[in-house]
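What follows is one structure encoded as structure tokens, with my remarks underneath.
The values are calculated or read from the model by the stated rules, or taken from the named source; none is laboratory data. This is a predicted model, so every value here is computed, not measured. Reconstructed Cβ throughout: ideal geometry from the backbone, glycine too, with neighbour counts over all protein chains shown. Heads up: the accessible areas ignore ligands, DNA and RNA and are worked out on the full protein's heavy atoms, side chains in. Shrake-Rupley method; radii C 1.70, N 1.55, O 1.52, S 1.80 Å.
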Amino acid sequence: MPVVVTLDAMLHERRMTLTELAAAVDISLANLSILKTGKARAIRFSTLEALCTALDCQPGDILHFEGDEA
Amino acid sequence: MGDDRILTFARTILRVMLIVNLLAVVGFVIATPASFLFGTALSTHLIAKYGATLDVAGALLALRLLMVMAVPCGIAIDVVFRNLLRIVDTVREGDPFTAVNATRLRAIGWALLAIQLCDLLLGGFTAWFAVLHVQFSTWSPSFGGWISVLMAFVLAHVFRRGAAMRDDLAMTV
């Protein structure tokens with residue numbers, strides 16, 4: 001998929017674990033894991049908003065469009 | 001819960017009808033060759049009932065062909081009941097919107113179409129028996145049946161789309 005989730009890198013940058021993020025955004029660890037591993041087919045605006053708030057970042061910091069480079 | 005009771009009731013009815021239909025199919029499978037074995041007795045009975053003017057050979061042929069036609073009709077009905085029973089089971093299990101159920105509904109649609117074609121043939125038999133002056137049930141085209149064929153195919157598409165949408169939603173975070 002040309003859109004790549006870079007949640008892992010952002011978590012590393014913020015020195016935060018996935019479990020801590022799950023607790024902060026009130027999303028199950030399983031669902032966050034689906035997102036982190038790039039298995040998700042779609043992301044809700046509410047999820048994106050919660051993630052950006054918890055990680056203090058912009059949507060572009062956790063989602064990258066790779067296009068033909070992928 | 002009310003819904004559970006309705007599903008249990010539907011399941012019971014379907015199982016009973018499935019068995020009754022199977023028995024009927026077996027009955028027709030046995031009756032067809034038996035009509036040759038007991039051909040003389042059958043002819044005597046028909047003449048006793050309708051008189052010597054009856055075209056016995058024609059009446060026997062019509063009866064035998066009717067019994068032969070009943071077998072594929074019974075198989076089509078069996079396909080409807082079996083698939084419906086499986087769909088009811090998935091509703092009870094709480095996961096009915098699956099691609100498998102869409103395929104089952106499409107199979108039901110084809111089986112209903114086969115039943116409708118059998119019904120048309122039954123109309124032909126009714127006319128034949130009328131010509132032979134043999135008592136037979138009345139027949140009129142089943143518009144509801146044709147609508148049910150369409151509904152089954154449309155519902156199959158709805159289920160397929162629903163299953164795809166649900167799969168998408170399952171991977172939406």
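Calculate, in nm to one decimal, what B:F136 and B:V158 gain on full extension: separation in residues at 0.36 nm each, minus their alpha carbon distance. Let's see the in-between values first.
Values: separation 22, 0.36 × 22 = 7.92 nm, distance 4.03 nm.
Difference between extended and current length: 3.9 nm.
Only the Cβ atoms of Lys and Arg (+1) and of Asp and Glu (-1) were treated as charged; on that basis the dipole of region A:3-69 about its Cα centre amounts to roughly 280 debye. The alpha-carbon atoms of region B:2-170, seen along their principal axes, cover 72, 27, 26 angstrom, with the largest extent given first.
Between 0 and 90 degrees, the angle of helix B:56-93 with respect to the longest Cα principal axis of chain B falls at about 10 degrees.
Accessible-area loss of 40 Å² or more (1.4 Å probe, protein heavy atoms, chain alone versus all protein chains) is found in region A:18-42 for A:R41, A:A42. Per-residue surface analysis assigns B:I75 an accessible area of about 100 Å², computed on protein heavy atoms at 1.4 Å probe radius.
As an exercise, identify the GluC sites (Glu not before Pro) in chain A lying in DSSP coil whose Cβ has no more than 11 other Cβ atoms within 10 Å. Mind showing how you got there, number by number?
Numbers: sites: A:E13, A:E20, A:E49, A:E66, A:E69; in loops: A:E66.
When the GluC sites (Glu not before Pro) of chain A are filtered for loop state and at most 11 Cβ neighbours within 10 Å, A:E66 remain.
Of the residues B:R104, B:R64, B:R92, the one that moves most in a GNM of chain B with alpha-carbon contacts below 10 Å is B:R92.
Dipole of region B:1-88, Cα-centred, from +1 at each Lys and Arg C-beta and -1 at each Asp and Glu C-beta, to the nearest 20 debye? Please list the in-between numbers first.
Numbers: 7 positive and 4 negative charges, 30 e Å.
Dipole magnitude for region B:1-88 comes out near 140 debye.
Helix-only arithmetic for chain A: the sum of -39500 (n - 2.57) across DSSP H runs with n ≥ 4, divided by the residue total, places the mean residue ellipticity at 222 nm at -14000 deg cm²/dmol.
Across the protein assembly as shown, the volume of the C-alpha convex hull divided among the residues equals 193 Å³ per residue. For A:L63, the amide hydrogen comes within under 5 Å of the amide hydrogens of A:T6, counting only partners 5 or more places away or on other chains and with H modelled in the peptide plane.
Under a Cβ-only charge scheme (Lys and Arg +1, Asp and Glu -1), can you give me the dipole magnitude of chain B about the Cα centre, in debye to the nearest 20?
Details: 13 positive and 10 negative charges, 16 e Å.
The calculated dipole for chain B is roughly 80 debye.
Which order do B:M67, B:M171, B:M165 take by accessible area at a 1.4 Å probe, largest first? Kindly include the intermediate steps, with their values, before the conclusion.
Details: B:M67 30, B:M171 55, B:M165 120 Å².
The ranking, largest first, comes out as B:M165, B:M171, B:M67.
Look at where the Cα atoms of region B:36-97 and of region B:116-149 average out, and the two centres are 13 Å apart. Only protein heavy atoms count here; on that basis, with a 1.4 Å probe, A:C52 has an accessible area of about 20 Å².
Farthest towards the positive end of the charge dipole of the protein assembly as shown, among the residues B:G144, A:T47, A:N31, is the Cα of B:G144, using unit charges on the Cβ of Lys, Arg, Asp and Glu. To the nearest 10 square angstrom, how much accessible area does A:R14 have with a 1.4 angstrom probe? Solvent-accessible area, nearest 10 Å²: 90 Å². Compared with the dominant Cα axis of chain B, that is its longest principal axis, helix B:39-50 is turned about 80°. With a 1.4 Å probe rolled over the protein heavy atoms of all chains, the accessible area of B:V88, B:V20 falls in the order B:V20, B:V88, largest first.
Give, to the nearest whole percent, the P(r) tail of region A:3-69 beyond 15 angstrom, counting all Cα pairs.
On the way: 1038 of 2211 pairs.
Tail fraction, whole percent: 47.
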